[in-house]
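What follows is a set of notes on a single structure, which appears directly below.
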């Protein structure tokens with residue numbers, strides 16, 4: 001870990017050179033904030049992005065992937081209240097128009113911006129067109145709301161929430177010289193890869209597109225890609241990293257990697273803690289695997305297993321389900337070498353039950369499931385949650 | 001379909017040459033029936049079996065796989081109240097002893113039987129040793145209970161239930177000349193492959209091991225392997241097919257295939273209808289796929305998706321989740337060619353929402369999700385259920 005300090009009270013505007021805003025544009029029927037803007041004042045505009053691997057990609061993902069090929073982003077506009085996914089060519093035109101209207105509003109405001117410099121993110125229900133009259137009116141309004149300082153970032157983080165109960169921000173200050181800050185929204189449809197829906201990370205470090213891309217991919221691989229709430233992967237997942245260079249400091253790749261990782265890791269922990277219906281925060285750690293890929297595959301299979309997740313909801317140390325799930329992972333295991341512990345208490349040793357296994361106390365909110373495969377020395381951890389009545393309730397009537 | 005009649009009032013003893021029994025041996029703490037026996041009186045003893053692909057296999061699976069290599073089975077003894085999985089070498093010894101004690105009891109009863117002719121199946125909680133004193137006492141008792149006629153089969157079907165709410169039997173009478181009958185228990189941990197936990201199918205047709213094996217693999221591929229309640233695969237899944245040859249009729253392979261399929265298909269439908277927490281019986285059918293494997297992979301991915309399943313529980317026609325799940329299937333799809341209907345009503349046409357999609361009525365207990373990929377002419381269907389409060393409730397405190 002590089003020298004520095006992580007705080008959760010700041011987000012995308014913690015880094016110099018960034019302004020943020022969040023408003024209620026009327027996209028959401030309930031009148032809550034639903035339009036966010038992150039604006040890079042420079043002097044640099046380098047950027048990198050990672051997007052959903054779902055083959056069904058929302059219009060804003062298709063658009064932003066094109067924008068990111070230039071390696072340059074001046075603004076990110078994000079809306080909640082509608083995913084603009086599965087909306088066909090008209091939906092893509094809506095995204096394109098959003099970028100054009102924002103670019104025009106920013107240019108009118110005195111900062112010459114092209115549509116191709118504007119990334120767009122959307123989140124909400126799949127399948128409906130956005131109310132473009134409200135979006136367009138909101139774009140003009142939000143440009144006038146752009147504020148320096150922390151509050152703009154907090155407003156933006158609020159405006160991207162859907163079923164999130166709290167906004168998620170984190171900022172890492174490196175020796176008081178340069179900063180990486182970020183915001184995220186998650187709640188449901190959290191799975192690799194990416195685990196999150198929308199994340200914007202900013203930095204005032206001096207870094208080019210390749211450095212940012214490397215730092216972002218390293219961080220997402222170890223954080224958002226290892227968060228798996230329900231095995232469902234969104235059509236809209238987007239993680240962006242923007243650099244203004246405003247600090248004038250050019251960190252080493254290792255320093256940049258560490259700072260971006262610190263922010264993404266903290267945001268991933270916040271996403272887990274606020275996942276839909278969560279009553280348990282669960283870490284599934286696989287150790288002594290033949291390879292990191294194997295460890296990850298086993299951890300993912302266990303973390304996704306509905307029977308494991310319902311048992312954890314019930315604080316039931318039903319370790320047999322962990323064994324059964326492990327046996328279905330797409331890697332070769334040796335059942336007689338598997339040792340499992342819950343919160344440090346062995347429940348299964350070399351494939352058979354340990355004394356006292358049925359009495360392990362899992363009543364707390366944090367549970368660590370540790371699986372030792374006894375086959376090598378690689379390890380990996382997946383963050384997940386339990387499968388609760390709250391999850392069922394929240395997801396049983398989302399569109400209706 | 002071959003000429004014949006399917007009935008649900010009969011099971012493993014519908015075929016001539018088979019006796020069955022079911023008793024309460026005290027394995028279950030609640031005193032319900034927990035020990036079942038299916039006995040083949042011959043003259044033939046041909047048999048085939050299909051077992052779980054889980055790498056963590058219960059002791060009775062390891063034992064019965066060995067028995068089935070001989071292609072000959074005289075008796076199947078099944079217990080509920082304990083899976084005898086993850087019990088190490090002592091657990092395997094318990095299974096071995098069960099087979100030996102049953103063979104001795106049958107030999108004492110006047111039917112010379114070797115332990116290697118006895119298949120063993122167990123179901124229940126993973127990880128605990130069986131109460132062998134009660135099992136052994138029960139084995140002697142159950143041999144004396146062996147009864148001809150239908151009731152012995154029904155008693156056996158009752159004794160293998162765990163969280164099942166009803167026993168499952170089906171028998172197919174081919175032109176009044178020969179019969180295939182079966183019993184099954186399921187309820188939870190239903191996934192490919194196999195979808196079920198324990199199934200015994202019997203026939204009085206004359207058929208050798210190879211014919212039985214072919215008929216059984218064809219049937220399980222199309223039935224139990226296409227039932228996916230929760231994506232969890234048991235350590236104990238076993239499907240056995242035994243032939244007594246008592247009818248003296250040697251059907252063609254096609255006739256045998258059709259009759260075994262009819263019984264397995266009906267048992268699979270019964271397993272779906274009685275799955276843990278089920279409130280909706282769901283068929284996910286994929287059509288116009290490039291291959292049957294592709295169709296199956298997409299149907300399975302959608303059928304396993306927690307967000308799709310919770311929406312169906314809520315009778316919510318949230319078709320966007322079907323698109324999102326389809327996009328994550330491990331096959332190449334074209335988002336712009338996907339057309340989806342719920343119960344025959346189009347909700348998405350060529351990747352975009354159809355008029356009235358949000359108003360489709362899914363309040364009934366049966367839901368068909370049909371996904372047209374527009375890429376070929378192959379099709380496949382997966383049977384699944386919704387994800388309900390009942391599922392969470394039933395699985396949150398199973399071991400404790």
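Observations on the structure shown:
- Shown for B:384, B:163: other C-beta atoms within 10 Å of each C-beta, ranked fewest to most, produce the order B:163, B:384.
- Mean residue ellipticity (222 nm) of chain A, computed from DSSP H runs ≥ 4 via -39,500 (n - 2.57), nearest 500: -10000 deg cm²/dmol
- Relative intensity, log₁₀ I(q)/I(0), of segment B:6-47 from a Debye sum that treats every alpha carbon as a point, q = 0.22, 0.23, 0.28, 0.30 Å⁻¹: -0.79, -0.82, -0.93, -0.98
- The mean number of Cβ atoms from other chains found within 10 Å of a Cβ in peptide B:51-57 is 6, as a whole number.
- Computed on the Cα trace of segment B:18-100, the radius of gyration divided by the Kirkwood hydrodynamic radius gives Rg/Rh = 0.98.
- At the listed q of 0.05, 0.08, 0.09, 0.11 Å⁻¹, the Debye profile of the protein assembly as shown, built from one uniform point per Cα, gives log10 I(q)/I(0) equal to -0.30, -0.70, -0.84, -1.12.
- For residue B:248, inter-copy label distances in nm, listed shortest first [label point 7 Å out on the Cα-Cβ vector]: 10.5
- Helix axis angle, A:209-222 relative to chain A longest principal axis, alpha carbon, degrees: 30 degrees
- Shielding value for A:322-332 is 6, the average number of Cβ atoms from other chains within 10 Å of each residue's Cβ.
- Across peptide A:74-87, the average count of Cβ atoms from other chains found within 10 Å of a residue's Cβ is 2.
- Fraction of beta bridges assigned by DSSP in the protein assembly as shown that are antiparallel (%, nearest 5): 75 percent
- Percent of Cα-Cα distances greater than 26 Å, calculated over segment A:109-261: 31 percent
- Highest GNM mean-square fluctuation among A:272, A:328, A:197, for chain A modelled with Cα contacts below 10 Å: A:328.
- Normalising the average separation of contacting C-alpha pairs (under 8 angstrom, six or more residues apart) by the number of residues puts the relative contact order of chain A at 18 percent.
- With the label put 7 angstrom out from Cα along the Cα-to-Cβ vector, residue B:109 ends up 8.4 nm from the copy partners, going from closest to farthest.
- The DSSP beta bridges internal to segment B:271-400 are antiparallel in roughly 70% of cases.
- Hull-based mean projected area of segment B:303-362, where the convex hull spans the alpha carbons, in square nanometres: 3.9 nm²
- Folded to 0 to 90 degrees: helix B:253-273 orientation relative to chain B principal axis, Cα: 70 degrees
- As a ratio to 2.2 N^0.38 Å, the alpha-carbon radius of gyration for segment A:281-395 is 0.99.
- Equivalent-ellipsoid semi-axes of segment A:5-273, from the Cα gyration tensor, Å, largest first: 25, 21, 17
- Taking the label point 7 Å along Cα→Cβ, residue B:374 and its counterparts in the other copies are spaced 5.3 nm apart, in ascending order.
- Among A:347-359, B:289-301, sorting by the average number of other beta carbon atoms lying within 10 angstrom of each residue, highest first, gives B:289-301, A:347-359.
- For segment B:127-170 and segment A:112-164, distance of Cα centres in Å: 64 Å
- Principal-axis tilt of helix A:292-304 within chain A, Cα atoms, nearest 10 degrees: 90 degrees
- Note on chain A: GNM, Cα springs under 10 Å; of A:122, A:107, A:151, the largest mean-square fluctuation is that of A:107.
- Rounded, prolate or oblate (a/c below 1.5 giving rounded, otherwise prolate when a/b exceeds b/c) for segment A:207-346 by Cα gyration tensor: prolate
- DSSP assigns beta bridges within chain B; of those with both partners inside it, close to 75 percent run antiparallel.
Every number in this text was worked out from the coordinates using simple rules, so none of it is lab data. Since we're looking at a predicted model, the values are computed, not measured. Every residue, glycine as well, gets a Cβ built from its backbone with ideal geometry; the counts of neighbours run over all protein chains shown.
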